[in-house]
1. What are the residues in the range A:141-188 that are over 20 Å from the mean Cα position of the chain (by Cα) and more than 10 Å from chain B (Cβ to nearest Cβ), if any?
2. When you check residue A:133 against the structure, is it within 29 Å of residue B:230 (Cα to Cα) and modelled with pLDDT of 85 or more, yes or no?
3. For the range B:514-537, how many residues meet the condition of being surrounded by fewer than 20 Cβ atoms within 10 Å (Cβ to Cβ) and in a strand (DSSP E or B)?
4. Could you please let me know if residue B:423 is buried (at least 18 other Cβ atoms within 10 Å of the Cβ), within 31 Å of the chain's Cα centre (by Cα) and assigned to a helix (DSSP H, G or I)?
5. So, residue B:464, is that one surrounded by 17 or more Cβ atoms within 10 Å (Cβ to Cβ) and either out of contact with any strand residue (DSSP E or B) (no Cβ under 6 Å at 6 or more places or on another chain) or over 30 Å from residue A:37 (Cβ atoms) (or both) or not?
6. Looking only at the range A:168-201, which residues are buried (at least 24 other Cβ atoms within 10 Å of the Cβ) and within 30 Å of residue B:225 (Cβ to Cβ)?
7. Specify the residue that is farthest from residue B:478 (Cα to Cα); the eligible residues are those in the range B:113-145 that are within 14 Å of another protein chain (Cβ to nearest Cβ) and assigned to a loop (DSSP other than H, G, I, E, B).
8. Checking the condition assigned to a helix (DSSP H, G or I), without any contact (Cβ under 8 Å) to a residue 60 or more places away in the chain and under 30 Å from residue B:256 (Cα atoms), which residue from A:105, A:100, A:178, A:146 passes?
């Protein structure tokens, strides 16, 4: 198992290097630079700015200087926000995005898990069709539609919950978490249903039934762990996706998270910020995928045995 | 299992109800009671160093935190005492002397002196600062030479401290608008000791503007700066005119998404918004006591024409295109009557100046001009590309004009939207035929619009070049003896410009925002200039929940 983790981590290094290199040269190849503005910039001013950000050096030197800084954990100063460095911006945005992602995942797990189990217990009945139809709607409905819809109902008409903000007013975390979680809840519902259906037809479930165990005990004690494996495999990429993809929700609800910085950085040609967030998020995605694999191995004895054999 | 599901839903329902109870008072209600203004400010500011940042959201915060030598009265836009209690021009108009208010203080209690200004302006003009607004001080002797590195010694700049409270500024030419520039953040003084404590004075990266570090001299001081969340300022006790400041504080929110901003306003989370979504305006207009405010704004929306490329190298084509745009219809329909048709680059009424109107919407004349240019009824038309930066409203305008040109002149025009930086690059490289552009004035004076079209000017980018025009703007207008004479020279220059038509003026901008009825002392003005010193909050009686 340790060897498996170590190998996966080793594989991650070239992947990240490729990500850095491609991003580095792509952002510089994009037309327009960080100091272009709609008002003419004096050549002297532009030269001074470029010198301050090492943009006057040949591009290969810039690249190696960046790699050198990165090795020291320094992501460089932001172009757009003078006086802030990328490390600071990421550490300001990350906790918010992670918190939002965690709540959304919780929402997704509870709603999606329950719906999936309910549906799997009585397949092809109303108890299956109703939650699965909702799940289909959830998958199809984009967050930029669901978010404003929830805001209109709960924020404007019912006046129950705040319409924007994060940690400003009590209850302002509910709507964004629901919005972001909904699509994932839908996925989890479908995955959970499929997983549970498969498990419920296994021999050991029949054995449990034959022993006369009550249905709820069969579900909770015997079926759940096996049935949720597809869900767990989905969780790693899902959490990474929540972190990287929360931009829309962050914009709708004016949440000061990483997603907003990321997208704005691209528009602003904030080279260091684009690179910093890309490197950071790709590292996270790799890590979460690894975690999901480990978790899946732990839950699935067959896979665990396989990994053990390959030692 | 069904039991568990039921229990779960009951819990959810219960928590929603609980939330409903704690929802309670809105920020506007508590703000009205505590004298705190909640303001939608567009975006997260780049920073708060007045010599580094550019932008409207930044300028609002900086105006609360700092004060210039002279400020603008929000009602009249006339200059009134700020840090300087009075000033006088020499007879020839070349020397301006400021007398600093002895009561002016920094937020740490230090007196504001003339030396602060000398040092700060040297910093603002230092080439290493990379200050995009350095040109604001260029009317001053040697400012341009120093900022472009042609002059080494900052002591040669035309700014001197005669004593602690007397500041003398030497100008290259009489500059009637120089006083107005004193209200622009790029000319603000900064606190030397604080800057030097946190690093090199000309370094853009120091942390002197952080909430716990910054020392400022305005009516408010910074107490909290949460990135992408909010900026909080509170009334400064050391401000010389603190008695006049009625607000206890202001909270600035980075409301980038204007649709969310409008919802925040409706939910009572904001006193005023930065903008209003176009599609919401008709609804707000129908409301009784509408919070919707609309006012002319010192800016012109226009299309630039690349006069170095066919077919735009022919003035008859340029004129034909301009005459075939029905501005009245465009502003009434596409822009919902929010903006005003423009026929020249300077917005009408800029300090009393009225720009020339040399043409009308005239399809017949436009057709004739195009025929003269060799494209009768659009025959042989080589095609044209209209570039705009990605935005729904620019697209709507472009589509409407594309159709007008098609209907009136029978010519094909293709539209190309470009992402902001790509679009800026196209403009800089002059890689375009027709490009959408907007210009918002930095100060109220025709000069600010007309000096864009000087030969080779950084903002010109149309290929327009006329030595006579340059002479009028650069030499003759500054030497004019009276305002009338000066404006006559501007009129002459603008007439020349519009005869050549390197641009197609389309409309004059307006500001559109939602303002809670409790907000008082915040009049609309041409500069959209806020002077928070004048603002107060007075709750309207129909909401009794706060009592």
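The values are calculated or read from the model by the stated rules, or taken from the named source; none is laboratory data. All of these numbers come straight from a predicted model, not from anything done at the bench. Cβ sites come from the backbone with ideal geometry, for glycine too, and all protein chains shown count toward neighbours.
1. Result: A:149, A:150, A:153, A:157.
2. no
3. 3
4. Yes, satisfied.
5. Numbers: surrounded by 17 or more Cβ atoms within 10 Å (Cβ to Cβ): yes; either out of contact with any strand residue (DSSP E or B) (no Cβ under 6 Å at 6 or more places or on another chain) or over 30 Å from residue A:37 (Cβ atoms) (or both): yes.
Against the criterion (surrounded by 17 or more Cβ atoms within 10 Å (Cβ to Cβ) and either out of contact with any strand residue (DSSP E or B) (no Cβ under 6 Å at 6 or more places or on another chain) or over 30 Å from residue A:37 (Cβ atoms) (or both)), residue B:464 qualifies.
6. Scanning the range A:168-201 gives A:175, A:176, A:179, A:180.
7. Only one residue tops the list, namely B:130.
8. A:146
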